[in-house]
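Below is one structure; the comments refer to it alone.
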Amino acid sequence: MISEQFGISDLALKLHKGSLALFPTDTLPALCSCPKYSKEIWVIKKRPSNKPLILMGGCLDDLFEFVHPCAIEDGLKLANNYWPGALTIVLPTIGNVSKNLNSNSNSLGFRVPALGLARDLLIKTGPLATTSANISGESPVKDALEASIKFPGIPILAPVPWPKSSGLASTVVEWKEGEWNLLRAGSVVLQ
């Protein structure tokens, strides 16, 4: 039995007060926080600090406000073709949004998931710092029950059971000086 289940509004309140949370996506279940509280994600996952998190949003506009102008045109072309979906796009950022999610650079991975329930949460909360729900180096969890066992006491988005995910990580591509580089093959094959 999963006891820490919360609807979208209640979970959004918990996140804004500093809680971590678990929610389903189209790829793998996610562990998340509001960006300013993201340090807790590295701790609970035992994740090396040099491995960045991604910023997941409910819609394209919520994410592209953080993208450096030099990459907006190319980034929008890719995002318009593959979002919502299982593509993470790494782009240079403006401001200090990347400092909480990537200690190594001013670039950040962005994604809008295809699962409507995930987007509903993200629209309510604003963009969230996210990563797959697993201990670093271990296999990702597949559903809410596994997530609740792996991360006891972390609030979970209701209702459960969650919609079935693909079980495959997102494809990750990075933009550098007008060129796209594949960083991780995943469920999306770029045309």
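The values are calculated or read from the model by the stated rules, or taken from the named source; none is laboratory data. Everything quoted here is computed from the prediction, not taken from an experiment. Note: ideal-geometry Cβ built from the backbone for every residue, glycine included; neighbour counts use all protein chains shown. Surface accessibility is based on the protein's heavy atoms, side chains included, excluding ligands, DNA and RNA. Shrake-Rupley method; radii C 1.70, N 1.55, O 1.52, S 1.80 Å.
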In the range 168-191, anything over 17 Å from ASN106 (Cα atoms) and in contact with a Leu (Cβ under 7 Å, 6 or more places away or on another chain) is listed as ALA169, SER170, THR171, GLY186, SER187, VAL188
Condition set part of a loop (DSSP other than H, G, I, E, B) and within 18 Å of SER107 (Cα to Cα), scope the range 64-86, selection most open to solvent (accessible area, probe 1.4 Å): answer is GLU65
Just one listed residue, out of PRO140, PRO159, PRO163, PRO152, is in a loop (DSSP other than H, G, I, E, B) and surrounded by 15 or more Cβ atoms within 10 Å (Cβ to Cβ), and it is PRO140
Restricted to the range 43-63 and to residues being charged (D, E, K, R) and either modelled with pLDDT of 95 or more or open to solvent by less than 10 Å² (accessible area, probe 1.4 Å) (or both), the residue nearest to THR125 (Cα to Cα) is ASP62
Notebook entry, point to check: Can you spot a residue in the range 120-135 that is more than 16 Å from LEU22 (Cβ to Cβ), out of contact with any Lys or Arg (no Cβ under 8 Å at 6 or more places or on another chain), open to solvent by 40 Å² or more (accessible area, probe 1.4 Å) and not hydroxyl-bearing (Ser, Thr, Tyr)?
Noted result: yes
If we keep only residues of the range 100-117 that are in contact (Cβ under 8 Å) with a residue 60 or more places away in the chain and under 19 Å from TYR37 (Cβ atoms), then the residue surrounded by the fewest Cβ atoms within 10 Å (Cβ to Cβ) is ASN100
Checked GLY109, GLY116, GLY137, GLY126 against criteria (out of contact with any helix residue (DSSP H, G or I) (no Cβ under 8 Å at 6 or more places or on another chain), on the phi > 0 side of the Ramachandran plot and not hydrophobic (A, V, I, L, M, F, W, C)); the one match is GLY137
*asked:* I'd like to check something: does the range 22-42 contain any residue that is touching a residue at least 40 places away in the same chain (Cβ under 8 Å), in a helix (DSSP H, G or I) and surrounded by fewer than 16 Cβ atoms within 10 Å (Cβ to Cβ)?
replied: yes
Checked LEU128, LEU182 against criteria (in contact with a strand residue (DSSP E or B) (Cβ under 7 Å, 6 or more places away or on another chain) and within 19 Å of ALA12 (Cβ to Cβ)); the one match is LEU128
Note: among LEU20, LEU13, LEU60, just one is over 13 Å from the mean Cα position of the chain (by Cα) and under 27 Å from SER166 (Cβ atoms), namely LEU60
Exercise for the section: Report whether or not PHE151 is touching a helix residue (DSSP H, G or I) at 6+ places or on another chain (Cβ under 7 Å) and under 20 Å from TRP180 (Cβ atoms). Expected result: no
